[in-house]
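The structure appears right after this line, and notes come after that.
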Amino acid sequence: MRRTELREALSTAVSALRFNAFRSLLATLGIAIGALFVSLMGWLLYGLDTALERTITLLGQDMLYVDKWDWSGRTRWAEVRSRKDITLQQARALAQELQTAQIVAPLIEAYGVRLSTGASTATVTVTGTVSAYGLTPAGTVALGRFFAPVEDRSNTPVVVLGHAVARQLFPTTHPLGQTIRLAGHPFTVIGVLVQQGTIFTQEIDKRVYIPLPLFIRLFGAANRSVTIAVKAGSEERMEQLRQELRGLMRRIRRLAPEAPDDFSINEIQAIREEITGLRQAVWGIGLGMSMLSFVVGIIGIVNIMFVSVAERTLEIGIRKAVGARRRSIALQFLIEAALLCLAGATIAVVLGNAIAALTRTVVPQAEFLPPYIPLYHIGIALALASTAGIIAGWVPALRAARLHPVEALRYE
Amino acid sequence: MKQPLIVLEKVTKVYTTGADTIHALRGISLSIDVNEYVAIMGPSGSGKSTLMHILGCLDTPSSGRYWFGGRDVTTLDDEELAQIRNREIGFVFQLFNLLPRATALKNVELPLIYAGVPAEERRRRARAALEAVGLGDRLFHRPTELSGGQRQRVAIARALVIEPSVILADEPTGNLDTAAGLDIMRLFERIWARGTTIVVVTHEEHIARHARRIIRIRDGLIESDTPNPEPITALPSPPVQLP
């Protein structure tokens, strides 16, 4: 195909579309809707993935959590429920013997604790832990400080607030140095954690942290299973740490050699698996809707292209008379169909971006979504649309190319 | 020295429309030499249009042979026929057949586009062809902005721009008034004088009499094929220069 012919086909297609702008717009509606679905699906998936990666980074990629509960959901619920609690003694024994870990911190929780200031109240989860937790990514403070080692042993009533709690209780005042009451006992706020919550882990910011000895005195350790947060220090040491944890825990829990583990060694990565289902749902729905729209769109384009070929029969005859070959004519109509679909997709992408921007402004929960359609997905939408155009244009273009010159010239 | 450009040997054309079989051409044999000026005459339904289509490689015979410039056209496929139309044959139609949305210049460029001529050269040659037919000041007019005679001259420029071996004109004055028609016939006279072969299909005697040879067709057969000893030529020519 010569370049001059290609340019001619392109300019003819553009002028034909401009001449029939309104009709073209209607014809491309199905393709536009398909491209819109592709764009929005890409936008949602991108948002989910970004939020997931952020969660994992914030909570630490080299963290393992020894827990009675299994985070990945791979162990049967009944089995998990029947496991014995991990006690503080077991946690201490583990901490003493562990070689590979950089940081070990027990976490013990009390749910539904009433928290009040002079002005407002809230219900929060209280976590008792040690100063070392402040060195993990999840214990990083945005304001003030985490507990000092001395506070691990004293009974100083200090508290570190989760991000959401601090924002709720002290929307306008500075939280540091303020006194709050937990189950009636006064505590001084010494720090506020960085915001860690994403769409997946909003609860994490609604916690408060107090030193372990105080926790035991106020809430007791009975009937509470301890979670042990362990930081490997590097991702390379994760496997070694995992094996050491398993061995130690089995010994500490006195498991028989043939007995299965009665604890889980969780990692943040497990969240990945949890959202796989959500991801697949978005994918499936998005794919189904967009394919449906594309099929409808292709039918529309096929129709309009047949109309276009019929209307321009005489023009085809003229072009053939002056020496246009079949493929030149076919190319002209293929390009027209592809451009038609690209125009539809472009409108869809603009609309998609508007929807993305608007959603971000109107819906606060959509914070995890970007305010635009990612470039990659714009590319996919445009590529799919032009492919649809070429498929749709194929039969009409062949019909145009195969018109007999004499019959085409006779057409009025 | 005579050199045949077009040679037809027992050419027939049969159309089947439903149950009817129409014998449009029943065995035409003729030879047209380079730089002849021929009129093909006949009443409507005589087969002259069919003959014109076959001569122009727009259609192929049902039987018989057709040599164009020594090449057996009956054996060629669609692509090769398109190439012959593109390089050798300039068409002039009764209804002009210009692209309505394109300027005069763009219309004349069209055959060169399919010949793969680069844009700049294309423009130059199209402009020269339009100047040659006296439309140097109408380059950017669209067909609807031109008179019938001007439109036909654009069509002739489009035929001329490829420097064809033959110009095939099908009732070229059929949609023009007498004065405009005469202008067109004068133009053909000048093009012929320059060495191009001209074949005019018409049913009008006074148009046919511009040619130097008149072939009469009736019922798909050649009725007569005679030289025209007294062609109409003594007409004042418009002051235009051919390229």
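The values are calculated or read from the model by the stated rules, or taken from the named source; none is laboratory data. Owing to the predicted nature of the structure, the values given are computational and were not obtained by experimental measurement. In this analysis, Cβ positions are derived from the backbone assuming ideal geometry, glycine residues included, and neighbour counts consider all displayed protein chains. Areas reflect the complete protein model, heavy atoms only, side chains present, ligands, DNA and RNA absent. Shrake-Rupley method; radii C 1.70, N 1.55, O 1.52, S 1.80 Å.
Those residues that are part of a loop (DSSP other than H, G, I, E, B) and closer than 18 Å to B:P227 by Cβ, I need them from the stretch B:176-212; list them, please. Full working, then the answer.
Filtering the stretch B:176-212 for residues part of a loop (DSSP other than H, G, I, E, B) gives B:176-177, B:194-196, B:203-204, B:209-212.
Scanning the stretch B:176-212 gives B:R209, B:H210, B:A211, B:R212.
Among the residues of the stretch B:51-87, the ones that are open to solvent by less than 20 Å² (accessible area, probe 1.4 Å) and outside any loop (DSSP other than H, G, I, E, B) come to 12 in all. Give all pairs with beta carbons closer than 8 Å in which a residue from the stretch B:103-122 that is under 19 Å from A:R327 (Cα atoms) and more than 9 Å from chain A (Cβ to nearest Cβ) meets a residue that is surrounded by 24 or more Cβ atoms within 10 Å (Cβ to Cβ) and aromatic (F, W, Y); count only pairs at least 6 apart in sequence or on separate chains. Sorted first by the residue in the stretch B:103-122, then by its partner, the list stays empty. Being more than 19 Å from A:M289 (Cα to Cα), charged (D, E, K, R), within 14 Å of chain B (Cβ to nearest Cβ) and in contact with a helix residue (DSSP H, G or I) (Cβ under 9 Å, 6 or more places away or on another chain): is that true of A:E315 here? Considered against the rule, which asks whether it is more than 19 Å from A:M289 (Cα to Cα), charged (D, E, K, R), within 14 Å of chain B (Cβ to nearest Cβ) and in contact with a helix residue (DSSP H, G or I) (Cβ under 9 Å, 6 or more places away or on another chain), A:E315 comes out as yes. Taken together, A:E367, A:E336 contain a single residue that is among the acidic types (D, E) and buried (at least 20 other Cβ atoms within 10 Å of the Cβ), which is A:E336.
Within the stretch A:77-121, being closer than 18 Å to A:G184 by Cβ and in contact (Cβ under 8 Å) with a residue 60 or more places away in the chain holds for A:A110, A:V113, A:R114, A:L115, A:S116, A:T117. In the stretch A:250-267, the residues that are of a type in the set (D, E) reach residues that are part of a loop (DSSP other than H, G, I, E, B) and surrounded by 14 or more Cβ atoms within 10 Å (Cβ to Cβ) with C-beta atoms within less than 7 angstrom, at least six apart or across chains, in these pairs: A:D262/A:R83; A:D262/A:R253; A:D262/A:L255. Taking the listed residues A:L48, A:L17, A:L10, A:L26, the one that is farther than 30 Å from B:A119 by Cβ and in contact with a helix residue (DSSP H, G or I) (Cβ under 7 Å, 6 or more places away or on another chain) is A:L48, with no other qualifying. Of the helices (runs of 4 or more DSSP H) lying entirely inside the stretch A:324-412, those carrying at least 3 residues that are more than 30 Å from B:V117 (Cβ to Cβ) are A:326-362, A:375-402.
Restricting attention to the stretch A:10-60, the residues that are modelled with pLDDT under 85 and either among the acidic types (D, E) or at positive phi (or both) add up to 2.
Restricting attention to the stretch A:272-324, and to residues there that are among the charged types (D, E, K, R) and open to solvent by 40 Å² or more (accessible area, probe 1.4 Å), which single residue is farthest from the chain's Cα centre (by Cα)?
To start, the set of residues in the stretch A:272-324 that are among the charged types (D, E, K, R) comprises A:272-274, A:279, A:311-312, A:315, A:319-320.
Applying the additional criterion that residues be open to solvent by 40 Å² or more (accessible area, probe 1.4 Å) yields A:272-274, A:279, A:311.
Numbers: A:R272: 10, A:E273: 12, A:E274: 12, A:R279: 8, A:E311: 49 Å.
Per the criteria, the residue is A:E311.
A:L36 passes every criterion in (1) over 27 Å from A:S264 (Cα atoms); (2) open to solvent by 20 Å² or more (accessible area, probe 1.4 Å); (3) not assigned by TED's automatic domain parsing to the domain that holds A:G344 apart from (3).
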